[in-house]
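The values are calculated or read from the model by the stated rules, or taken from the named source; none is laboratory data. Since we're looking at a predicted model, the values are computed, not measured. Neighbour counts run over all protein chains shown; Cβ positions are idealised from the backbone, glycine included. Areas reflect the complete protein model, heavy atoms only, side chains present, ligands, DNA and RNA absent. Shrake-Rupley method; radii C 1.70, N 1.55, O 1.52, S 1.80 Å.
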Amino acid sequence: MKKLLAVLTLFTLVSCQKESTLSDLDAIGQSSSLENALALNNVPSVVTVVKENGIWKLKRNGQNYIVKGVAASKALNSNITNYIIALKSFSGNTIRTYSVNEFTQDILDEAYANGISVCLGLWVNREADNFDYDDTTAVNQQLLNLKAQVLAYKDHPALLMWGVGNEVDASYTNLKVWNAINDIAAMIHTEDGNHPVTTMLANTLPAKITEIKNRAPQLDLICSNTYAPNLPAVTSNLQQGGWTKPYMITEFGPRGTWQMNPEPTRILPWGALVEQTSTEKAEIYRSSYNQYIKANFNNGCLGSFAFVWGYQTHGAVLTWFGFHTTEGRTFGAADIMKRVWSDWYPANRAPEIASRNNMTLAGQHAEDAIYLAKGSTKTAAVTASDPDNDPLVYEWRIVPEGVAGPGGVPHPGLTGLITTNGNSTVSFTVPSTAGAYRLYVYVKDNHNKVASAVIPFYAQ
């Protein structure tokens with residue numbers, strides 16, 4: 001008892017000190033003697049959602065907390081320590097997971113050791129995956145399974161909140177899913193009085209928001225995975241749907257591969273999609289965050305999670321999203337996130353390829369629909385620069401369209417095709433098998449940073 005009283009006293013002293021000496025930004029994500037005391041006594045962080053002077057706020061252990069987060073890719077599981085340390089170095093303070101699995105304990109422990117909080121995902125079955133929300137036995141069993149997961153992790157000091165389900169609304173028709181979400185949220189509130197509960201949506205269509213408001217009142221806030229074209233409509237959609245609680249953006253980034261119809265020149269005749277350079281993507285993260293996330297901090301937005309920390313292992317084009325290469329180098333988007341989160345760039349910044357027009361293949365650009373003769377010899381070139389004038393090395397790869405590498409990671413490139421490598425120009429042999437391919441260039445500096453560009457082509 002004396003030990004617990006000492007912890008509570010320390011909590012009061014540190015809270016008062018931080019309130020008077022640190023800005024909200026300074027207080028976020030910093031380890032302290034309070035955190036160490038909480039961990040030693042297995043005392044969870046206390047997180048609340050409150051409205052002060054008409055503005056919704058998230059508070060962690062009494063301090064204002066703006067979520068400066070990233071969504072975790074499966075890549076994180078292969079090297080949890082490095083990815084979480086990297087997030088801290090880029091001034092992020094929260095990581096989002098999608099389910100409880102064999103890596104959850106390690107992620108929580110490593111996050112806590114580095115002053116990072118965790119929005120812990122609880123996987124909820126989706127109608128799109130043939131789960132039947134009219135099957136009360138299955139629904140009840142799911143609730144019991146999730147209860148066991150909540151009991152296992154509710155007291156971990158790294159826990160920030162619970163994310164109940166990811167895009168359960170994807171191609172759904174049965175509105176009972178929201179009643180099930182509400183029952184899960186009610187269960188969590190019963191078992192864990194220290195952490196808020198949310199769910200992550202595929203979109204914020206007003207009619208859907210109204211159903212959630214009516215069927216799932218136990219949710220403390222609502223979240224949406226919303227990419228560049230749809231971000232501007234989020235706040236108005238929530239208002240139209242009658243949502244009166246706060247919200248977060250739990251995935252954001254460039255236009256998704258599923259959203260390309262408004263940009264028809266980026267859809268090639270054989271179906272391949274034209275990808276932006278890493279620098280073009282970085283600018284979208286900047287504008288998305290500043291214009292539609294940060295700008296709404298006083299309008300109900302509690303923060304966001306950029307997609308995706310690590311690299312992709314699923315999707316139509318595996319390199320479309322991702323802050324890292326498979327070897328752990330960071331793209332310029334990571335530098336941008338540090339800038340918008342902290343107002344500072346890192347000491348060293350990634351190389352830049354300003355536009356996809358800065359890369360040519362046989363004198364043509366990515367949107368020119370390039371057809372090449374099988375087995376012919378071609379050249380390509382790219383113009384890149386480095387903000388720090390670092391020396392640059394160029395790595396070129398040819399990848400079959402839609403084919404992943406071992407373990408589902410981005411393809412490492414076909415062998416035996418690149419005649420010269422390492423420079424800003426390349427000579428290569430077009431594959432002898434007809435079909436769709438991508439020519440990538442990765443421009444690397446000597447500080448573990450990288451830029452990329454890509455041109456799809458068709459061998460015939």
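The longest stretch of the chain left intact once loop-based GluC sites (Glu not before Pro) with at most 13 other Cβ atoms within 10 Å are removed from consideration, loops following DSSP, is 103-326. Each of 219, 299, 270 was scored by the projection of its Cα onto the charge dipole of the chain, and the greatest displacement toward the positive side belongs to 299; charges sit on the C-beta of Lys, Arg, Asp and Glu. FRET efficiency for the pair residue 113 and residue 287, taken as 1/(1 + (r/R0)^6) with r the Cβ-Cβ distance and R0 = 45 Å, rounds to 0.85.
In debye, nearest 20, what is the charge dipole magnitude of segment 194-296 about its Cα centre with +1 on Lys and Arg Cβ and -1 on Asp and Glu Cβ, if you could check? Could the numbers behind the result be given before it?
Working: 9 positive and 7 negative charges, 48 e Å.
With only Lys, Arg, Asp and Glu charged at Cβ, the dipole is about 220 debye.
Label separation (residue 388 vs residue 348): 0.4 nm, computed from points 7 Å beyond Cα along the C-beta direction. Here r is the Cβ-Cβ distance between residue 55 and residue 155 and R0 is 35 Å; the resulting FRET efficiency, rounded to 0.05, is 0.75.
Surface exposure of segment 299-388, expressed per residue as accessible area with a 1.4 Å probe, stands at 37 Å².
Sequence-distant contacts, meaning Cα pairs under 8 Å at least 6 residues apart, place the relative contact order of the chain at 13 percent.
As a check on your grasp of the helix formula, calculate [θ] at 222 nm for the chain: sum -39500 (n - 2.57) over DSSP H runs of n ≥ 4, divide by the residue count, round to the nearest 500.
Details: 11 runs with 125 residues, N = 460.
-8500 deg cm²/dmol, from helical runs alone.
Here segment 143-190 and segment 352-373 have alpha carbon centers that stand 46 Å from each other.
When the chain is described by a simple charge dipole with +1 on each Lys and Arg Cβ and -1 on each Asp and Glu Cβ, the residue from 98, 261, 119 located farthest towards its positive end is 119.
Counting only DSSP beta bridges whose two residues both lie in the chain, roughly 55 percent are antiparallel. Take the Cβ atoms of residue 134 and residue 240, set R0 to 35 Å, and the FRET efficiency comes out at 0.75.
Evaluate the charge dipole of the chain about its Cα centre and quote only its size in Debye, nearest 20, assuming +1 on the Cβ of each Lys and Arg and -1 on the Cβ of each Asp and Glu.
About 420 debye.
Modelled this way, with points 7 Å down the Cα-to-C-beta line, the labels at residue 171 and residue 207 are 1.9 nm from one another.
P(r) tail for segment 311-371, what percent of Cα pairs lie past 13 Å?
On the way: 1313 of 1830 pairs.
Looking at segment 311-371, the distances longer than 13 Å represent 72 percent of pairs.
Quick one: Cα centre-to-centre distance for segment 218-235 and segment 284-318, in angstrom? Taking the Cα centre of segment 284-318 as reference, the centre of segment 218-235 is 10 Å away. Distance distribution P(r), segment 45-157, all Cα-Cα pairs, bin width 10 angstrom from 0: 12, 36, 31, 18, 2 percent. In segment 363-459, with Lys and Arg counted as +1 and Asp and Glu as -1 at Cβ, which of these residues, 427, 373, 409, has the Cα nearest the positive end of the dipole, that is, farthest along it? After comparing all options, I get 373.
Which percent of the accessible area of segment 328-390 is formed by carbon and sulfur heavy atoms (probe 1.4 angstrom)? Intermediate results must be reported in sequence, preceding the final value.
Details: 1180 of 2730 Å².
Solvent-exposed carbon and sulfur of segment 328-390 make up 43 percent of the total.
Each Lys and Arg adds +1 at its Cβ and each Asp and Glu adds -1 at its Cβ; summed about the Cα centre, segment 126-253 shows a dipole of about 340 debye. Pairs of Cα atoms nearer than 8 Å and 6+ residues apart set the relative contact order; for segment 93-135 it is 47 percent.
In this simple spin-label approximation, residue 327 and residue 415 carry label points 7 Å from Cα along the Cα→Cβ vector, and these lie 1.7 nm apart.
Report, in order of residue number, the helices in the chain meeting two criteria: a C-alpha extent of 27 Å or more along the helix axis, and a mean Kyte-Doolittle hydropathy of at least -1.0; treat each whole DSSP H run as one helix.
On the way: long enough: 2-21 (28 Å, 0.61).
Span-like helices here: 2-21.
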